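Following this message is one structure expressed as structure tokens.
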Amino acid sequence: KKLEAVAAMPAMIKVGKNMSIDGPTSIQSGKVMPVVPQRLVKTMRVEVVFPSGRVKDSCCTIAPVEFGMHTLRVVCDGKQSDDFQFLCKTPVYEYASALDTLYDNLFWSWEGNWQAEIENATVQLVLAVEDNLKTFMNGMQSMLKAVGHSKDSSQLLTTLQENMGDALTKHDRTAVGRLHQAIYQFLEVGVMPWPQSFKDSVAEFERKKFKYSNQDRVKEAIRTAHAALGRHLEQATSDIAPKHPNSTYLAKHRTFYARMSNMIQKDEVDLSLMWELRPKPMENIVARMFGNSVSEEGTGRSKIMYLPSLDLK
């Protein structure tokens with residue numbers, strides 16, 4: 001019982017610059033643990049396991065400087081409490097996680113109300129793929145091979161066609177959500193001039209699907225992403241701007257922030273911004289070729305100054 005009482009106490013956690021705590025409600029940055037009974041001080045220790053696997057003993061204060069999940073346990077009189085964990089996170093993580101949630105809501109918020117408008121938009125998408133996109137893809141094979149995306153594009157096109165067929169026959173939330181997700185995955189393989197008829201049909205499908213979706217879910221996810229982007233920009237400005245005042249990364253994301261602010265103020269959703277917010281694999285290549293990367297002084301390496309698309313779950 002003594003051990004349980006001590007383990008339930010919130011430890012004093014001092015986090016590093018630009019980091020915050022996400023974990024049990026009893027653990028909050030800067031809160032001090034209640035006074036430990038004097039009789040336990042000599043026999044008690046707090047054991048912290050850092051994300052790297054390093055273990056450190058601490059009597060009362062923990063100062064995590066590593067990003068990731070930490071494990072905290074109390075050892076007293078040879079006995080050990082249950083482990084409880086907290087996540088030490090950064091504004092970059094919070095923004096990436098918020099984007100992940102935003103696109104989940106965008107893809108999967110349709111409520112299953114299959115309408116003639118959605119069916120017509122999906123049929124037009126099928127026609128655009130069959131009449132224009134396939135011909136375009138055949139003509140672009142040499143370029144796609146040059147950047148290593150020929151096989152990926154072919155597989156994604158097949159998946160897109162399968163998902164269009166499922167949406168038209170099943171009319172269920174899973175099929176429509178997968179189709180929307182497949183469209184994004186397909187268009188993200190390259191930065192090329194897709195046929196206008198295909199782009200128009202994608203935009204129309206998105207508009208009709210969103211019309212019958214749970215828009216409140218998407219708007220709430222936008223507000224969360226907007227707040228996270230604001231914190232990330234504050235950190236990125238202090239880290240990047242002094243050395244790289246003309247950073248294209250900062251300029252682009254300040255524009256994103258302003259457009260999201262405008263959406264929130266007007267209580268509407270600009271679906272075109274969703275395409276711009278989401279990082280694309282080809283940006284890796286383009287960034288290195290055309291100057292969106294900066295040299296790391298003294299290392300001989302360079303790093304790309306934009307947020308990578310990562311599955312942080």
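The values are calculated or read from the model by the stated rules, or taken from the named source; none is laboratory data. Predicted model only: the values in this text are computed from it and were never measured. Counting neighbours? That spans all protein chains shown, and the Cβs are built from the backbone with ideal geometry, glycine included. Heads up: the accessible areas ignore ligands, DNA and RNA and are worked out on the full protein's heavy atoms, side chains in. Shrake-Rupley method; radii C 1.70, N 1.55, O 1.52, S 1.80 Å.
May I ask for the Kirkwood hydrodynamic radius of the range 175-244, worked out over all distinct Cα pairs and given in angstroms to one decimal? Don't skip to the end; give the middle numbers.
On the way: mean 1/r = 0.0658 Å⁻¹.
Kirkwood hydrodynamic radius for the range 175-244: 15.2 Å.
Would you mind computing Rg(Cα) / (2.2 N^0.38 Å) for the range 77-142, counting N as its residues? Display every interim value, and only then the final one.
Details: Rg = 23.8 Å, N = 66, 2.2 N^0.38 = 10.8 Å.
This ratio for the range 77-142 stands at 2.20.
I'd like to compare 92-99, 261-268, 206-213, 130-137: which one has the highest average count of other Cβ atoms within 10 Å, and what's the full order after that? Intermediate results must be reported in sequence, preceding the final value.
Numbers: 92-99: 20.6, 261-268: 11.8, 206-213: 18.8, 130-137: 14.8.
Per-residue mean Cβ counts within 10 Å order the peptides as 92-99, 206-213, 130-137, 261-268.
Another question, if that's okay. Given the whole protein assembly as supplied and a 1.4 Å probe, what does the accessible area of Met69 come to in Å², nearest 10?
My reading of the accessible area for Met69 is about 90 Å².
Moving on to the next point. Tell me the label-point distance for the pair Thr169, Glu111, using the 7 Å Cα-to-Cβ offset, in nm and rounded to one decimal.
2.9 nm
Please find the FRET efficiency linking Thr248 to Asp57, where r is the Cβ-Cβ separation and R0 is fixed at 45 Å, and quote it to the nearest 0.05. All intermediate terms of the calculation are to be shown ahead of the outcome.
Values: r = 46 Å, r/R0 = 1.02.
Efficiency, from the Cβ-Cβ distance: 0.45.
In whole Å, largest first, what are the principal axis extents of the Cα atoms in the range 157-273?
In descending order, the Cα extents are 55, 33, 22 Å.
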